[in-house]
Amino acid sequence: MTAGSGSATRPVVGYANRMSRVRPSAIRELLRHGTDPEIISFGGGYPDPALFPVEELHRVYADLLTPAHAAALQYTASNGLPQLRAQVAERLTRDGMPATADDVLIIQGGQQGLDLAAKLVIDAGDVIITEDPTFLGALIAFAPTEPRYAPVRSDADGLDTDDLAEVLATHPDAKMIYVVPDFANPTGVTMSLPRRRRLIELANAYGVLVLEDTPYRQLRYDGESLPTLKSLDTEGRVLHLGSFSKILAPGLRLGWASASPEILERIALLKLAADTQNSTLNMAATSAYLQRYDIDAHIADVLPVYRHKRDLMLATMADVFPASVDFTRPDGGLFVWLTFPEGFDAGTFMAENLLPEAKVAYVPGATFFPVDHQPHHARVSFSGVPDERLVHGITALGRLLRRELG
Ligand code: PMP
């Protein structure tokens, strides 16, 4: 057959079945609004770039880009620079998860950990248990492994372990429980300690992998930190993911995975196959940053900025939203989750009213549900919008909601 002689609908190459699950996401569409300066976008979950320690990073990169440090431009160990792994291990140890460098694998942000975890345990048709709603980026990462989903209710105390018990009884062969225990994306809620303990009990009873994703863990604005699932793990079945994205800078693409040697060795093999290693330069720079500067002092500087933005957003919502609109009150992270009355379609409302009339954007919530795409929710982020525009945007949203809902 000559080129171009096929039917118009036939693809140029034959795609794998898994590609039917790989589609552009609503989020990507929405992030485009972030580039229109007129639109006030609460859509993206980007950290505030004004908070990146640019000067300090400039100095460490400048020092590394000298002949004496040419090794920073060389290949290195696929599981990550030993020094950086040791520094991460030290932070994990302080956070109740005793670890050495050998217990840490450096990955391309937490996102790569989601991809590798699904490759580790999911065959087509296997069941992944998630919160309902859950992180869209996880659904995107898991999709190529062709899973089925068993969603579990969540509320102000995070994933509901009574519902989890029922879901596990229905799906006793489930392969993985994916959970964001601290300041979840998209809801902002945090899982209570009793539920954390119960989740581990249930995971042990059913022999299922727990994928614990903690990119917002250090962004706590109120209250005391709760033990991670990994620190409560009694049988080595928790794969813990963390990230430098929200505490340093996401462009470094640096995160970590920590798990039992049995699991971590396999994850490391998958990482090697996927991309050989993270950027040596970015690992060396981050390691040097951690050595020369105090990242905890940096985080302590960042927290009041986000705390203020969260407070401003919640106070404005309380003032201007109709009583029929509910919203979460996160103790940390970057997101607030809105629940509108049943029958309200947050996607249609944004396309037909909010964007054209007020030039305000959020992320319609339907896309965060793995199965039953409930239309009456939205995710808003308070991280990326200056105060005045934040108040202006939420006030405009409130005005249109009052008109729509009475
Ligand atoms: N998990 C969750 C819950 C997230 O919200 C994000 C990013 N926003 C990630 C993982 C991945 O982040 P990164 O790859 O930058 O660490």
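Read-outs throughout are calculated quantities, based only on the coordinates presented, and are distinct from any laboratory measurement. Because the structure is predicted, anything quoted here is derived from the model rather than measured. Cβ coordinates were reconstructed from backbone atoms using ideal geometry, including for glycine residues, and neighbour counts include every protein chain displayed.
For the reader, a short list of remarks on this structure follows.
- Across the stretch 231-238, coupling constants 3J(HN,Hα) worked out from phi with the 6.51/-1.76/1.60 Karplus curve, θ = phi - 60°, read 6, 9, 5, 9, 10, x, 10, 9 Hz, and Gly and Pro carry x.
- Both numbers refer to the Cα atoms of the chain; Rg and Dmax are 21.9, 68 Å.
- By the helix-only formula, in which each DSSP H run with n ≥ 4 contributes -39500 (n - 2.57) and the sum is divided by residues, the chain has a 222 nm mean residue ellipticity of -12000 deg cm²/dmol.
- Here the Debye sum runs over all C-alpha atoms of the stretch 55-292 as equal scatterers in vacuum, and log10 of I(q)/I(0) at q = 0.16 Å⁻¹ comes out as -1.11.
- Between ALA300 and GLN374, the FRET efficiency estimated from the beta carbon spacing at R0 = 35 angstrom works out to 0.40.
- Sequence of TYR178, TYR75 once ranked by neighbouring C-beta atoms within 10 Å, starting from the fewest: TYR75, TYR178
- Across the options LEU232, ALA174, ALA203, the greatest Cα extent toward the positive end of the charge dipole of the stretch 55-292 (unit charges at beta carbon of Lys, Arg, Asp, Glu) belongs to LEU232.
- The chain - share of DSSP beta bridges that are antiparallel (%, nearest 5): 50 percent
- Projected label points at ASN17 and THR276, each 7 Å from Cα along the beta carbon direction, are separated by 3.4 nanometres.
- Taking 0.36 nm per residue of separation and subtracting the Cα-Cα distance, full extension of the segment from HIS58 to ALA169 would add 34.6 nm.
- Relative contact order (percent, whole number), the chain, Cα cutoff 8 Å, 6+ residue spacing: 22 percent
- Between the stretch 153-179 and the stretch 274-318, the Cα center-to-center distance that results, in Å: 31 Å
- Extension reserve of the ARG292-ALA70 stretch, reckoned as 0.36 nm per residue once the Cα distance is removed: 78.0 nm
- At q = 0.16, 0.19, 0.25 Å⁻¹, base-10 log of I(q)/I(0) for the stretch 293-371 (Debye sum, equal scatterers on each alpha carbon): -0.76, -0.97, -1.31
- If you count Lys pairs in the chain whose Cα atoms are under 26 Å apart, skipping same-chain pairs closer than 8 places in sequence, the total is 11.
- Whole-number percent relative contact order across the stretch 55-292, with pairs defined as alpha carbons under 8 Å at least 6 apart: 27 percent
- Whole-number D in µm²/s for the stretch 125-231 (Stokes-Einstein; Kirkwood sum over Cα pairs; 4 °C, 1.567 mPa s): 93 µm²/s
- Both numbers refer to the Cα atoms of the stretch 224-315; Rg and Dmax are 16.7, 48 Å.
- Within the stretch 55-292, percent of DSSP bridges classed antiparallel, to nearest 5: 35 percent
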